[in-house]
Amino acid sequence: MDGHALERLGHHIVSRRVELGYRNRTDLANSLQFTVRTLSDIENGVRKASPGTYAMLENNLAWAPGSIDTILAGGEPKELVMNQRQASDRTPSDSGTEVVSRTSTEELLLELRRRIIRTRDRRHDTWDDWDDGLEPRGYWPEEG
């Protein structure tokens with residue numbers, strides 16, 4: 001993945017954060033239970049996050065599961081249904097937005113599982129010396 005894709009993702013996240021009414025990065029980071037530094041790095045395209053982090057971001061930004069992968073591949077995110085609360089209903093600690101997701105918990109967990117498995121499989125494919133090294137259980141192959 002190139003830096004341009006991460007920067008593009010960061011721009012989408014910032015735009016969506018503002019669109020949803022988060023006053024600043026800290027509000028979104030707190031709602032996600034991320035550090036402000038982590039969110040800052042993602043928004044600035046400095047680093048790639050874990051599949052779990054991306055899943056939490058998608059859910060909080062009311063994007064369909066897989067939207068971040070779509071953005072990184074050059075596409076656009078799929079937005080889910082949102083329900084803006086009235087300004088009079090907000091408390092000082094609120095971000096001002098209540099996201100209503102029609103995606104079930106089961107679907108979100110399945111998407112997270114898919115991402116973890118895909119990441120694990122990709123790691124295995126990159127090992128150059130798999131046939132020349134230890135067996136999967138950690139033993140040296142027997143000579144024959």
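Only residues that are open to solvent by 30 Å² or more (accessible area, probe 1.4 Å) and in contact (Cβ under 8 Å) with a residue 60 or more places away in the chain were counted across the range 41-67, and they come to 1. Residues of the range 9-53 that are basic (Lys, Arg) and more than 19 Å from Pro65 (Cβ to Cβ): Arg23, Arg25, Arg37, Arg47. Residue pairs whose Cβ atoms lie under 6 Å apart, separated by 6 or more positions or on different chains, with the first residue in the range 25-37 and over 15 Å from Ala49 (Cβ atoms) and the second of a type outside the set (Asp, Glu) and surrounded by fewer than 15 Cβ atoms within 10 Å (Cβ to Cβ), are Thr26/Val36.
Here the range 1-20 is the region considered, the condition is being out of contact with any Asp or Glu (no Cβ under 9 Å at 6 or more places or on another chain) and open to solvent by less than 50 Å² (accessible area, probe 1.4 Å), and the residue that is modelled with the lowest pLDDT is Gly3. For the range 26-39, filtering for residues that are open to solvent by 50 Å² or more (accessible area, probe 1.4 Å) and under 13 Å from Leu61 (Cβ atoms) leaves 1.
The values are calculated or read from the model by the stated rules, or taken from the named source; none is laboratory data. Everything numeric here is computed off the predicted structure, so don't read it as measured data. For neighbour counting, all protein chains shown are included, and Cβ atoms are generated from backbone atoms with ideal geometry for every residue, glycine included. Just so you know, the surface numbers come from the protein's heavy atoms only, side chains and all, with ligands and any DNA or RNA stripped out. Shrake-Rupley method; radii C 1.70, N 1.55, O 1.52, S 1.80 Å.
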